[in-house]
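Written below as structure tokens is the structure these notes are about.
What follows is calculated from the coordinates using simple rules that are stated; it is not laboratory data. Quantities reported herein were computed from a predicted structural model and do not represent experimental measurements. Heads up, the Cβs are rebuilt from the backbone with ideal geometry, glycines too, and the neighbour counts pull from every protein chain shown.
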Amino acid sequence: MTAVGVDLGSLGLRAAWTDGTTGPCPIDRAGPESLWLAPVVGTRSVSFLTAKDLLLDGRPPTVDGTDDGIARVLAMLRESREQVAATEATAPERLVLTVPAQAGTAARMNLRDLGRAAGFGDVQMLNDSVAVVMPETEEPGRPRTVLVYSMGYRATEIGLVRLARRQVRVLGHAASRAGGALFDEWVLAQWMASGGDLSRWTAEDWASCRTEAEEAKHRLASGETVRWAGHGGPAVTLAAETFREEVREQVRETLTRLDDVLHDAEMQAGEIDSVILAGGSTAIPDVAEMLRERIDVEPVRAGLARAAEGAAAYGRLLGPQAFGSMHGADDEQSGTITGTRALPLPGGAGPGQGDDPVIEAEGLAALGRTPEAVALLRGVRDRVVDALERIEASSRQAGPAARKPDAPTPAAPEPRETSIEETARALRAVRRAKRTLQKGRLQDAVGESHAASAIAPNDPRVYDEMITVHLQAVARSESDEQAREWINCAQFHARGDARVMTALLDHLCARARRAAEAGDQPAARRALEECLDLDPDHEVAQALMRDLDRARAP
């Protein structure tokens, strides 16, 4: 499927496309590159509202051409689609838009609606940081941790991403207000403070002035003192060192956010293997210099079309019409997305997500596409309900001989707090389950832990003890099949529990060892592949895989 990737910036839109036979190709549009800006003028300062601000602020935008900013973006999307259609003879249906990781559900829905208004039937979202690293997934080599430092016009986004076995794990991200807008506004504020009558200036005058301020900014960043008259207004002398200190102050703030990301990911700066710079403001020399000093890795600037090309490549890898497209409304708030397990990219190593909508939804969420994950699961739920109604209707039409009379559907019980007596009973039942476990009756012990949880389903202590019984049964089991059944059961109750994931990884490695000792290398390799799909950095699994490779070598 032909896919178009679009990196929507505050000051411009870059697009790329691919049909799978060639790498992503930039789309050269005939129309204007710049987007809409509206000046917000104060007494001694000015800022600019952008079309991207309108789309991301959560309010429904107008897409019928009556809003200048949204209309400009819509026209660019349509033109990009038409350019690809002229090349491919058929219009592309899939659009992948890059979005900030912090973009909420309403903002993502705005972008989705805009993409559909431009003629795309399948609109997907991809976090900025993931889009930038997408080309890296095609490169072979050892697992590596990549810092994506994207300083654009409105903000700086910091993304920490782990790449291994053509998989992406988002370890964390943060955002800062530092960016080109603040630097431009600093230049303009110095100029406005010098006086002059600006009351009759039009929006076009301010847009031209902002462009001149941007040019002055880059001259200042290179160390040049600038004498600037500001679009025919009052002249002012701007000192390079003063501007550079403003830049350094803003970059220091972003490095504080980087420290937060590293702390949350339990990592040190020395564990970062590479740094990718994205966004126009990273061209300021002090940005790369301060990052180099902080991380001791030489940053590499990404090409201007890197995020758009990554988005297009991702869209192609999704294959036919994506099950996880953002169809229908979604009122869940998108929050900060971090991944505690690796997620295979579409077409990558590991089990395919498309066969299982639950797995696919988990993958979408960990890639920062929470609204799509929720929409996908809600769509599956609706289909299940529809199928159930059809089956029940068919059963009713078959007559009384084919079924028992319908019993009235009981009303769902209202949730209530667990009483002290119920908690005490449940904890006694857990202790019985543990005694049963000690006697070697593992199946009975797991069943008793379920019964304990049913007594006090909302008590966290009982819940935790139930999971503990499951994991102890796994450790004592002599049957791989039975152990895996109990792990799956524990995952059902506590999918995000780190203890359950550790037990699963240990179980897979133990199964691989037993298979290798029995001479069944294919079975050992399958177990290790599953382990490494879940955790590409698992050292024991990596070592066992190397042993298998050496044993297979002639």
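Within 10 Å, count the other beta carbons around each residue, average over each peptide in 433-443, 127-137, and list them highest first. Provide the component values of the computation, followed by the final result.
Details: 433-443: 15.8, 127-137: 24.8.
Highest to lowest by the protection proxy: 127-137, 433-443.
Name the residues whose placed amide hydrogens come within less than 5 Å of the amide hydrogen of G12, ignoring near sequence neighbours (fewer than 5 apart) on the same chain.
L35
Ordered by packing density, taken as the mean number of other Cβ atoms within 10 Å over each peptide's residues, highest first, how do 450-460, 167-177, 35-45 rank?
Values: 450-460: 16.8, 167-177: 21.5, 35-45: 14.7.
Final packing ranking: 167-177, 450-460, 35-45.
Tell me whether region 110-196 comes out rounded, prolate or oblate; compute the Cα gyration tensor, take square roots of the eigenvalues as a ≥ b ≥ c, and use a/c under 1.5 as the rounded threshold.
On the way: a/c = 3.63, a/b = 1.55, b/c = 2.34.
Judged from the Cα gyration tensor, region 110-196 comes out oblate (a/c at least 1.5, b/c at or above a/b).
Under the Karplus relation 6.51 cos²θ - 1.76 cosθ + 1.60, θ = phi - 60°, what is the ordered set of whole-Hz ³J(HN,Hα) values for region 204-214, x standing for Gly and Pro?
5, 4, 5, 5, 5, 5, 5, 4, 5, 5, 5
Excluding R441 itself, calculate the net charge of residues whose Cβ lies under 13 Å from the Cβ of R441, where each Lys or Arg counts +1 and each Asp or Glu counts -1. Write down the numbers at each step before the final one.
Details: positive: R432, K434, R435, K439, R476; negative: D444, E448.
Summing Lys and Arg as +1 and Asp and Glu as -1 gives +3.
Rounded to whole Å and sorted largest first, what semi-axes of the equivalent ellipsoid does the C-alpha gyration tensor of region 175-250 yield via the square root of 5 times each eigenvalue?
Details: eigenvalues 87, 43, 21 Å².
After diagonalising the Cα gyration tensor, the semi-axes are 21, 15, 10 Å.
Using every pair of alpha-carbon atoms in region 510-554, split the distances into 10 Å bins beginning at 0 and state the percent of pairs per bin, rounded to integers.
Going out from 0 Å in 10 Å bins, region 510-554 shows 33, 57, 10 percent.
Between S194 and A543, what is the label-point separation in nm under the 7 Å Cα-to-beta-carbon projection?
Result for the modelled spin labels: 6.8 nm.
Taking the square root of 5 times each eigenvalue of the Cα gyration tensor, what semi-axes in Å does the equivalent ellipsoid of region 420-552 have, largest first? Intermediate values should be presented prior to the final figure.
Working: eigenvalues 231, 45, 16 Å².
So the equivalent ellipsoid measures 34, 15, 9 Å along its semi-axes.
With point charges of +1 on the Cβ of Lys and Arg and -1 on the Cβ of Asp and Glu, referenced to the Cα centre of region 145-237, which listed residue (T156, F183, Q167) lies farthest in the positive direction of the dipole?
The one lying farthest along the dipole's positive direction is Q167.
Can you check what the net charge comes to around M290, using other residues whose Cβ is under 14 Å from the Cβ of M290 (Lys, Arg +1; Asp, Glu -1)? Walk me through the numbers before you get to the answer.
Values: positive: R244, R248, R252, R257, R292, R294; negative: E245, E246, E249, E253, D259, D286, E289, E293, D296, E298.
Computed value for this residue: -4.
Considering only the other residues whose Cβ falls under 9 Å of the Cβ of M1, what net charge follows from Lys and Arg at +1 and Asp and Glu at -1? Could you put the intermediate results ahead of the total?
Working: positive: R94, R316; negative: D19, E93, D122.
That sum, taken over residues with Cβ under 9 Å, equals -1.
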